[in-house]
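S.K.: Please see the structure below; I have some questions.
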Amino acid sequence: MTTPKTVDDSAQRHEKQLETHAVQLHALENVVVRLEADRVTDEVAPNVSLSEVQWRIDSAPFKRGDIHVARYVPYVTAAICARLLDQWVGPFNWYDEYTQATIGEVDAIVCRLAVKRLSDGEFIVKQGTGVSPGGSKEMQAKGAVSDAFKRAASLKWGVARNVYLLPSLWAACEVQERGDKKTARPHPDATEQLLTQLTEQGWDHDGTLVIGPEE
């Protein structure tokens, strides 16, 4: 049997639920407003096309049948990231600056990559850290700067970020022998083989995965 007290309790619970929903909706609206205000452009950050993806070998040569193969790892160059930034927001709407840093005992470079915000023209800064790949002092400095810029552009701003989703793949390689040591070198047919494998796995020309690989 329903009593006046039961009705009152039910009404109070319903009112509290409505208040909770109103608070949650208001919070969500605030998030949307902040996201809209922080947008730097109406367009999403561009992918790098498969034809512009670079590949480097990170394994020793391996004999497979009558040919040698090696593992290729995809990467994007700093020049391509810069061009994509120009296309995305315009060449005068971003800038980069660098500072030296130490991570543990490793020397590093920090890139502060600023992009102009759409709503008020203020520059929003995101940063990435790069380390030296080795070599001469000049090459170390250039490599660290390039690495920091690419990480800020790709991992933080999303420019060419799809390259980090691409898999490492095996393809034909040439073998260079020095004494007992064998080193893998890129084969002229490797790029075509790599692109064919990516297409078979469902990657389109723009570097977007449209069909997942069969399980």
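S.K.: Each residue of the range 132-147 in turn: what ³J(HN,Hα) in whole Hz from Karplus with 6.51, -1.76, 1.60 and θ = phi - 60°, glycine and Pro shown as x?
M.R.: Those phi angles translate into 6, x, x, x, 5, 4, 5, 5, 4, 5, 5, x, 5, 5, 4, 4 Hz.
S.K.: So how much slack lies between Lys142 and Glu105, counting 0.36 nm per residue of separation and subtracting their Cα-Cα distance, in nm?
M.R.: On the way: separation 37, 0.36 × 37 = 13.32 nm, distance 1.94 nm.
In short, 11.4 nm is gained.
S.K.: Stretch Ser119-Asp189 to full length: gain in nm at 0.36 nm per residue minus the Cα-Cα span?
M.R.: Working: separation 70, 0.36 × 70 = 25.20 nm, distance 4.77 nm.
Stretched fully, the Ser119-Asp189 segment lengthens by 20.4 nm.
S.K.: For the charge dipole of the range 77-159, defined by +1 on Lys and Arg C-beta atoms and -1 on Asp and Glu C-beta atoms about the Cα centroid, which residue among Ile80, Tyr95, Gln127 has the Cα displaced farthest towards the positive pole?
M.R.: The residue sitting most towards the positive pole is Ile80.
S.K.: In addition: Along Cα→Cβ, 7 Å out, is where each label goes; now give me the distance between the ones at Ser51 and Lys182 in nm to one decimal.
M.R.: 3.5
S.K.: While we're on this one: What distance in nm separates the two pseudo spin-label positions at Gln87 and Asp66, each 7 Å out from Cα along the beta-carbon direction?
M.R.: Output for this residue pair reads 4.0 nm.
S.K.: On to the next question. If you take every residue apart from Gly207 with its C-beta less than 11 Å away from the C-beta of Gly207, what net charge results, scoring Lys and Arg +1 and Asp and Glu -1?
M.R.: My count for the surroundings of Gly207 gives -2.
Read-outs: derived from the displayed coordinates by stated rules, not from any lab. Predicted, not measured: the structure shown is a model, and the values here were computed from it. So basically every Cβ, Gly included, is an ideal-geometry build from the backbone, and we count neighbours across all protein chains shown.
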